[in-house]
Amino acid sequence: MMQDSKANILSDAQECGRRLQEARTSAGFSLEEAARRLHMPVHVVRALEEGRWEVVGAQVFVRGQIRSYARLVGLDPGELLKEELLPPSAPVELVSHAHTPRLQRVMEGMGRRVVYVVITAAIAVPAWLATRSHFSQVPPVAASLDVVPPAATDAVVPPAGETRAPAHANAPYVASLAPRVKPQAEAPRAAALQFDFEGESWLQVVGRDGQVLEQGLMRAGEARSFPLAEVARVVLGNAAAVRVQQGDSIVDLTPFRRANVARFAVSSDGSVTAAE
């Protein structure tokens, strides 16, 4: 019975793909032209027409791409997206874990603290011993060659109540010909386009040379970052579960989102605009 159901779904998928291919041919689009207009790779469009939807990814992405393809070639998406053809995704089954006793949690926490203290001591103590001798020595004072320093006087124990001269007053003078080095300003970080995925989503990033920088199904908790100057176009499936950050600001995907699929372009000055 299950094999018959899978065979029916495969047959319906192939029939749907055949209708898409015939409509594309009637509209006068080549496979490459359709892929360019849909902002999809050619192999994805070919998989849709051949009914090999498992290549595309999750059902939510198959639905969105078939809907876009149907609008492009003038078909009704409702006739192609049948419930029995693409049933809704099953909810994630939650698996309970064994309860950890409170005493075990306390012992594990104490063990982590002990390890942290030991590692800190192993790093800090040798560093303190290595630099201890430098703190007790009087550093030499650099003086200009154009100014004659005052003659050094013999060390005299100050009377009670008087303030002792600073330690560097009797320190040796070292002539320096090197100009004072000014601290260099920290170089600004290159602007980047950051994607943080809070749920399962499909990502496609196209570079300015037309090459695909990244494409595929992203899992919850993953993150991607691309230099802003290299990104030309972006397509996000399940865009509501994606946080996009441009430099230090958050990008509002609402103007670029349709049916939970966001498409936008990045101009040469780094601003985000609607994709063509």
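The values are calculated or read from the model by the stated rules, or taken from the named source; none is laboratory data. Every value quoted in this text rests on a predicted model; they were computed, and no experiment measured them. Using ideal geometry, Cβ is built from the backbone for each residue, glycine included, and neighbour counts are taken over all protein chains shown. With ligands, DNA and RNA removed, areas are computed over all heavy atoms of the protein, side chains included. Shrake-Rupley method; radii C 1.70, N 1.55, O 1.52, S 1.80 Å.
Determine which residues of the stretch 213-256 fall in the zone a paramagnetic label at S268 would reach in this model, i.e. backbone nitrogen under 18 Å from the point 7 Å along Cα→Cβ. Residues 228-233 fall inside that zone.
Summed over the residues of the stretch 188-257 and divided among them, the accessible surface reaches 52 Å² per residue at a probe radius of 1.4 Å. The stretch 46-79 and the stretch 225-276 have Cα centres lying 23 Å from one another. Taking the average, over residues, of other Cβ atoms within 10 Å as the packing measure, peptides 233-241, 195-203 rank 233-241, 195-203 from highest down. Summing charges over neighbours of T120, with a neighbour being any other residue whose Cβ is under 15 Å away from its Cβ, gives +2 when K and R count +1 and D and E count -1. Can you tally the net charge around Q204? Count Lys and Arg as +1, Asp and Glu as -1, for every other residue whose Cβ sits under 14 Å from the Cβ of Q204. Here the count lands on +3.
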